[in-house]
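Here the structure is laid out as structure tokens; the discussion comes afterwards.
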Amino acid sequence: MYNIYYIGAQNSERIDFCQWPYMVTGGDLFDGEFDAIEDDDRIQGWERKITSKKLNIEIHAVGVSLEQAIDQLENVAEKDVLNTTPGRLYVGSSYMKGWIVGTTKDRWVQDLDSISNELTFKSDYPYWITEEEFRFHKQGSESSEALEWLEFPYEFPYEFSKIRNLQYINNSNYTASGFKMIIYGPCINPLVRIAGHIYELRTTLYDGEYAVIDSSTRYAKDRKIVKVKVDGTEENLFNSKNNESSIWEKIPAGLSIVSWNGSFGFDIILFNERGTPRWTSH
């Protein structure tokens, strides 16, 4: 049985559809179809347009009244809709970003202890995403010392593991992946090379500050680069990127060498996308 649940964007409230008072009974979450990009009566490529998914659930008066269970579900869903902030619908370790925009109940008369409910989930980025996280430590930290003699899973022409600040990232996806990179200060003009490609910000981060490069949206114009200051306020760094080397370049599938000068630490979260949820875990 897959664990299916929704996490609201507003307060990270969770609705678990595999635990009473809610229980999934069906739907089309595991179905998927790509849309053709056509030109001159020929298929030029494939994409996924705005998509609706159905989730059928039973709601029972278990632990709370039926009315309370219904209100809780619809309160969480409507807060995200009204704020136009997508929540996440999870199937196992994969999630799709979007909104619960419709609910169809089989009955609504009084004195019930259960109902059937069909939910409609709509997404403008209809990919199922599984995240992989990698951490790269500042030179001289205890964690970086522990990694100095790291053994790599493949044979290389020489021992990369004995060279400081030269590590690797292993993208388990079958294609290149978008990512979020978090760079921790203090540092000046942080630059990271992955598979030979340069990701660089021309800015200064002070102690306690960090920068976030987030490519987790469909269009480059909606992506963001921000500095988070010690007091939690954000500064837009979009114009601080190195325009000579695309900072949105996806990270290749498989093993890639990662190098930097070691003066700062950073994290990378890969967004591995599929048209349908994973049937297996990593």
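The values are calculated or read from the model by the stated rules, or taken from the named source; none is laboratory data. Owing to the predicted nature of the structure, the values given are computational and were not obtained by experimental measurement. Neighbour counts are summed over all protein chains in view; Cβ atoms, including those assigned to glycine, are modelled from backbone coordinates with ideal geometry.
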**Item:** Residue that is surrounded by the most Cβ atoms within 10 Å (Cβ to Cβ), among those in region 228-282 that are among the charged types (D, E, K, R) and part of a strand (DSSP E or B)
**Value:** GLU273
**Request:** Filter region 216-227 down to the residues that are among the β-branched types (Val, Ile, Thr) and touching a Lys or Arg at 6+ places or on another chain (Cβ under 7 Å), then identify the one that is surrounded by the most Cβ atoms within 10 Å (Cβ to Cβ).
**Result:** ILE225
**Request:** Could you grab the pairs with beta carbons closer than 9 Å, sequence gap of 6+ or different chains, first residue in region 70-86 and farther than 22 Å from HIS60 by Cβ, second one part of a helix (DSSP H, G or I) and at pLDDT 95 or above?
**Result:** THR85/LYS79; PRO86/ASP80
**Only one of LEU89, LEU73 that is under 13 Å from TYR6 (Cα atoms) and within 21 Å of the chain's Cα centre (by Cα)** = LEU89
**Message:** Could you check region 35-51 and list, in sequence order, the residues that are assigned to a strand (DSSP E or B) and without any contact (Cβ under 8 Å) to a residue 60 or more places away in the chain?
**Reply:** ASP35, ALA36, ILE37, GLU38, ASP39, ARG42, ILE43, GLN44, GLY45, TRP46, GLU47
**Prompt:** Within region 1-17, restricting attention to residues that are outside any strand (DSSP E or B) and touching a Phe, Trp or Tyr at 6+ places or on another chain (Cβ under 8 Å), which residue is surrounded by the most Cβ atoms within 10 Å (Cβ to Cβ)?
**Reply:** PHE17
**Asked** Counting only residues that are within 16 Å of SER246 (Cα to Cα) and among the basic types (Lys, Arg), how many does region 204-234 have?
**Response** 4
**Request:** Mind listing whichever residues of region 39-69 are modelled with pLDDT under 95 and of a type in the set (Asp, Glu)?
**Result:** ASP39, ASP40, ASP41, GLU47, GLU67
**Item:** Unmet criterion (only one of (1) in contact with a Phe, Trp or Tyr (Cβ under 8 Å, 6 or more places away or on another chain); (2) small (Gly, Ala, Ser); (3) on the phi < 0 side of the Ramachandran plot) for GLY63
**Value:** (3)
**Request:** Can you tell me which residue within region 197-227, out of those that are assigned to a loop (DSSP other than H, G, I, E, B), out of contact with any Gly (no Cβ under 8 Å at 6 or more places or on another chain) and touching a residue at least 40 places away in the same chain (Cβ under 8 Å), is farthest from TRP128 (Cα to Cα)?
**Result:** ARG202
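Count, please, the residues in region 52-80 that happen to be surrounded by 19 or more Cβ atoms within 10 Å (Cβ to Cβ) and either out of contact with any helix residue (DSSP H, G or I) (no Cβ under 9 Å at 6 or more places or on another chain) or assigned to a helix (DSSP H, G or I) (or both).
Looking only at that region, the number is 8.
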**Top-ranked residue in region 81-122 [being buried (at least 16 other Cβ atoms within 10 Å of the Cβ) and among the aromatic types (Phe, Trp, Tyr); ranked as nearest to TRP20 (Cα to Cα)]** = TYR90
